[in-house]
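Novice: Got a structure for you, questions after.
Read-outs: derived from the displayed coordinates by stated rules, not from any lab. The structure presented is a predicted model; accordingly, all values stated were derived computationally and were not measured. Methodologically, a virtual Cβ is constructed for each residue, glycine included, from the backbone with ideal geometry; neighbour enumeration extends over all protein chains shown.
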Amino acid sequence: EVQLQASGGGLVQPGGSLRLSCAASGFSFRGYAIGWFRQAPGEGREGVACISSSGGRNFYSASVKGRFTVSRENAKDTVYLQMNSLKPEDTATYYCARFSGSHPITGTWANPSQYESWGQGTLVTVSS
């Protein structure tokens, strides 16, 4: 069974940092790009970041670029999202998922319909 499980969320103050993890199982992890999405209550699912299967190319939304960094350790079947300089507007449930297309590119990587095997997500709350 293909599974991706996000973890590491919690409560942090504005300006703080947090690292999320996405543990994958049930498939050949090295062959897939992995995306991070977030969803605030009453809002749609927003693409945050994506990393290619090799880790050689990263994508970020304009709102997080320069503050968040996505990385992966293929030997551990794990993708990370390092979040720095957190803002209250970053508050959301964060999800990771497997890219179902052949290759993510600019303008398409952030489309939720391009992903599969969504996990339950992990809640990040940024508040003082």
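Novice: Return, in residue-number order, each cysteine of the chain whose C-beta is not under 4.7 Å from any other cysteine's C-beta.
Specialist: Here 50 come out as lacking a disulfide-compatible partner, given the Cβ-Cβ threshold of under 4.7 Å.
Novice: For segment 1-123, what is the relative contact order in percent, using Cα pairs closer than 8 Å and at least 6 residues apart in sequence? Walk me through the numbers before you get to the answer.
Specialist: Working: 276 pairs, mean separation 41.6, N = 123.
Relative contact order of segment 1-123: 34 percent.
Novice: Per 5 Å bin, what is the whole-percent P(r) computed from every C-alpha pair distance within segment 4-109?
Specialist: Here the calculated profile for segment 4-109 is 2, 13, 25, 26, 19, 10, 4, 0.
Novice: Give the shape of segment 68-128 as rounded, prolate or oblate, defined through the alpha-carbon gyration tensor: a ≥ b ≥ c are the square roots of its eigenvalues, a/c under 1.5 means rounded, and otherwise the shape is prolate if a/b is larger than b/c and oblate if not. Present the calculation step by step, with values, prior to reporting the outcome.
Specialist: Numbers: a/c = 1.82, a/b = 1.53, b/c = 1.18.
Prolate.
Novice: Treating the Cα atoms of segment 29-69 as identical point scatterers in vacuum, please give the log10 of the normalised Debye intensity I(q)/I(0) at q = 0.29, 0.30 Å⁻¹, two decimals.
Specialist: Here log10 of I(q) over I(0) equals -0.99, -1.01.
Novice: Starting from the 7 Å offset along Cα-to-Cβ, what nm value, one decimal, do you get for the label separation of residue 5 and residue 125?
Specialist: 2.3
Novice: Next up: Between residue 71 and residue 106, how high is the FRET efficiency from 1/(1 + (r/R0)^6) when r is the Cβ-Cβ distance and R₀ = 30 Å? Nearest 0.05. Display every interim value, and only then the final one.
Specialist: Numbers: r = 19 Å, r/R0 = 0.65.
Plugging the Cβ-Cβ distance into 1/(1 + (r/R0)^6) gives 0.95.
Novice: Right, next: Tell me the net charge near residue 99. Cut-off is 15 Å between Cβ atoms, residue 99 excluded, with +1 for each Lys or Arg and -1 for each Asp or Glu. List each step's numbers first, then the result.
Specialist: Working: positive: 30, 45, 57, 72, 98; negative: 116.
For residues surrounding residue 99, the net value is +4.
Novice: Under the rule a/c < 1.5 gives rounded, and otherwise a/b versus b/c splits prolate from oblate, where does segment 6-48 land using the Cα gyration tensor? Please list the in-between numbers first.
Specialist: Numbers: a/c = 2.62, a/b = 1.55, b/c = 1.69.
Cα axes put segment 6-48 in the oblate bin.
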